[in-house]
Structures are given as C-alpha cells and as structure tokens.
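**Student:** Have a look at the structure that comes next, please.
A short reminder: the numbers here are calculations on the coordinates, not readings from a lab. Just so it is clear, the structure is predicted and the values come from calculations on it, not from any experiment. FYI the Cβ positions are ideal-geometry reconstructions off the backbone, even for glycines, and counts take in every protein chain you see.
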Amino acid sequence: MKIALITGVSSGFGLETLKALVELDYKVIAIARREERLHKLQELYGDKVHPIVLDVRDKQAVFNAIDKLPQELTNISLLVNNAGLALGLDEFDSLDIEDIETMIDTNIKGFLYIARAVLPLMRKMQNAHVINLGSIAANVPYYGGNVYCGTKAFVAQFSKALRTDLRGSNIKVTNIAPGLCKTEFSEVRFKGDVKKADGVYENTKYIQAKDIAKIITFIISLPEHININEIELMPVTQTWAGTFSEKI
C-alpha cells in the first residue's frame with residue numbers, strides 16, 4: 001500500500017484528494033487543525049486514514065509529528081502540500097497586520113515546515129512526488145490580493161527550485177495553480193460571511209474541489225519518466241482582466 005501525506009484535509013482540495021487517494025488504495029496521513037472533522041474521516045475510512053491534529057504554522061509540532069510517525073507510515077511516496085488561506089480583500093496598507101502574518105505563516109512558513117520535515121523520508125523512496133497547491137494569483141495580481149498573491153508566487157518559484165534541488169532523486173515536483181474554485185476559501189477570506197463569499201461565485205461556473213482531485217490522480221498516474229512542472233487552470237467563465245488605467 002502506498003503512503004500519502006496531505007495537509008488541509010478537513011475541507012476543499014485536501015478532503016477530495018484524500019477521498020480519491022483512498023479509492024486508489026493509498027493510506028493517507030491526514031493533517032488538519034479541526035479535530036472533529038479528522039475523527040469523522042477516520043470513522044468513515046478506518047485504518048486507511050492516519051489523522052494528525054496539527055496547525056502547520058507550529059514548527060516544532062510539525063517536526064515532532066513527522067518524527068513520531070509509526071515506522072510503517074514513513075514510506076511516504078506522495079506529499080500534497082495543500083494547507084493555505086487568504087484573509088481579507090483590502091488594500092495592503094489597510095490590511096490587518098495579524099492577517100498578513102497568518103497568511104505568511106501558513107502559506108509560506110507552514111508550507112516549508114511540512115516539506116522540510118517530509119522530504120528526508122521521501123528521498124529514501126525509489127519514486128516519489130511532491131504536489132504543491134498554488135494559485136493563478138502567483139502570476140495574475142488582483143485588487144486586494146497583495147499578500148496572498150505574494151505567497152502563491154513564492155509557492156510557484158519554490159516548486160521550480162525544489163525540483164532543481166531534487167534532480168537525480170526520482171522525486172517529482174508539481175505546482176497546481178487553479179483559478180476560481182468554490183471551497184471554504186472565500187468564507188475564510190471573509191471570516192465567515194457566507195453571503196459575501198457566495199457573491200464571489202454568483203453567475204459563474206467555478207472549478208470544484210473534485211476537479212482538483214481528478215487532476216492530482218491524473219498527474220500521479222503518468223509514467224515515472226514524466227514530470228508535470230506546473231498546471232494552471234481556470235473555469236471557462238474566468239479569464240484575465242487585463243491592465244488598469246486610472247482616469248486623471
């Protein structure tokens with residue numbers, strides 16, 4: 001049985017990817033902050049899921065959790081580094097400083113803690129794969145995106161640099177950069193304001209978390225000699241907005 005580790009499994013991309021991988025006979029090390037949701041996953045999937053209640057921002061907790069994995073779960077061949085969030089949609093100088101730090105601590109530092117803790121185990125495998133969840137925001141700035149866009153630009157560039165570091169190791173690295181997707185993303189961004197979050201997706205046909213899970217299962221099904229460096233995708237109803245010129 002293959003072993004995968006996924007962060008942010010309590011909802012969205014992480015949850016749907018977990019479901020898809022279980023169907024492919026993976027055992028999943030499932031990391032999330034919400035304990036009750038992890039318990040439900042374990043009740044549903046039994047020993048196919050190994051839950052770990054963890055906030056990826058906690059550096060010591062991340063390394064302790066990986067160090068304490070049962071020996072039979074250390075043969076990790078797939079890492080889906082998914083945990084991330086956006087907070088607020090304000091101009092940078094109006095953005096709450098705590099929200100800025102939370103995005104950086106989660107999307108960059110937590111993302112790196114997980115990769116740094118898990119990669120030494122993956123290097124022992126004959127073949128392995130790191131899949132990072134980025135965003136079109138890495139390349140497409142938008143009003144109020146400031147810090148979030150910057151964090152996803154980091155994910156995109158780090159993914160390329162990591163693949164370079166891992167040359168000769170048979171560890172693949174892929175950055176998946178989705179556009180408009182409906183998950184809990186906007187609810188988190190607007191701090192529980194469901195009406196405001198739903199307005200983001202009104203009159204659109206958005207990407208769903210299941211679509212991302214399908215893409216991940218496709219990527220990992222490819223022959224061992226093929227590495228997908230990056231996939232950028234949008235729903236058909238979304239495209240680029242172009243540049244903006246202020247009237248003076």
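**Student:** State the number of residues belonging to the range 144-164 that are of a type outside the set (S, T, N, Q) and closer than 18 Å to Gly179 by Cβ.
**Tutor:** 9
**Student:** Would you be able to say whether some residue in the range 224-236 is within 29 Å of Arg116 (Cβ to Cβ), of a type in the set (S, T, N, Q) and crowded, with 18+ Cβ neighbours inside 10 Å? First the steps, then the outcome.
**Tutor:** Residues of the range 224-236 that are within 29 Å of Arg116 (Cβ to Cβ), as a first pass: 224-233.
Those left that are additionally of a type in the set (S, T, N, Q): 227, 229.
Adding the requirement that they be crowded, with 18+ Cβ neighbours inside 10 Å leaves none.
No, the range 224-236 contains no residue that is within 29 Å of Arg116 (Cβ to Cβ), of a type in the set (S, T, N, Q) and crowded, with 18+ Cβ neighbours inside 10 Å.
**Student:** Please go through the range 131-155 and give me each residue that is crowded, with 23+ Cβ neighbours inside 10 Å and over 18 Å from Ile104 (Cα atoms), ordered by number.
**Tutor:** Within the range 131-155, Ile131 is the sole residue that qualifies.
**Student:** From the list Gly242, Gly168, Gly199, which residue is in a helix (DSSP H, G or I) and over 19 Å from Asn107 (Cα atoms)? Even if it seems obvious, please write down each step before you answer.
**Tutor:** Numbers: Gly242 fails: in a helix (DSSP H, G or I); Gly168 fails: in a helix (DSSP H, G or I).
From the options Gly242, Gly168, Gly199, the qualifying one is Gly199.
**Student:** For the range 171-196, enumerate the residues that are of a type in the set (Lys, Arg), outside any loop (DSSP other than H, G, I, E, B) and out of contact with any helix residue (DSSP H, G or I) (no Cβ under 6 Å at 6 or more places or on another chain).
**Tutor:** Within the range 171-196, Lys172, Arg189, Lys195, Lys196 qualify.
**Student:** Condition first: in contact with a Phe, Trp or Tyr (Cβ under 9 Å, 6 or more places away or on another chain), among the polar types (S, T, N, Q) and not in a strand (DSSP E or B). Now tell me which residues in the range 131-165 satisfy that.
**Tutor:** Of everything in the range 131-165, those that are in contact with a Phe, Trp or Tyr (Cβ under 9 Å, 6 or more places away or on another chain), among the polar types (S, T, N, Q) and not in a strand (DSSP E or B) turn out to be Ser135, Asn146, Thr151.
**Student:** Shifting gears a bit: Count, please, the residues in the range 156-192 that happen to be surrounded by fewer than 19 Cβ atoms within 10 Å (Cβ to Cβ), out of contact with any strand residue (DSSP E or B) (no Cβ under 9 Å at 6 or more places or on another chain), of a type in the set (D, E, K, R) and touching a residue at least 24 places away in the same chain (Cβ under 8 Å).
**Tutor:** Looking only at that region, the number is 2.
**Student:** Limited to the range 116-130, what total is found for residues that are touching a strand residue (DSSP E or B) at 6+ places or on another chain (Cβ under 6 Å) and assigned to a helix (DSSP H, G or I)?
**Tutor:** 3
**Student:** Mind listing whichever residues of the range 191-248 are of a type in the set (Asp, Glu) and in contact with a Phe, Trp or Tyr (Cβ under 8 Å, 6 or more places away or on another chain)?
**Tutor:** Of the range 191-248, the ones of a type in the set (Asp, Glu) are 193, 198, 202, 211, 224, 230, 232, 246.
Scanning the range 191-248 gives no hits.
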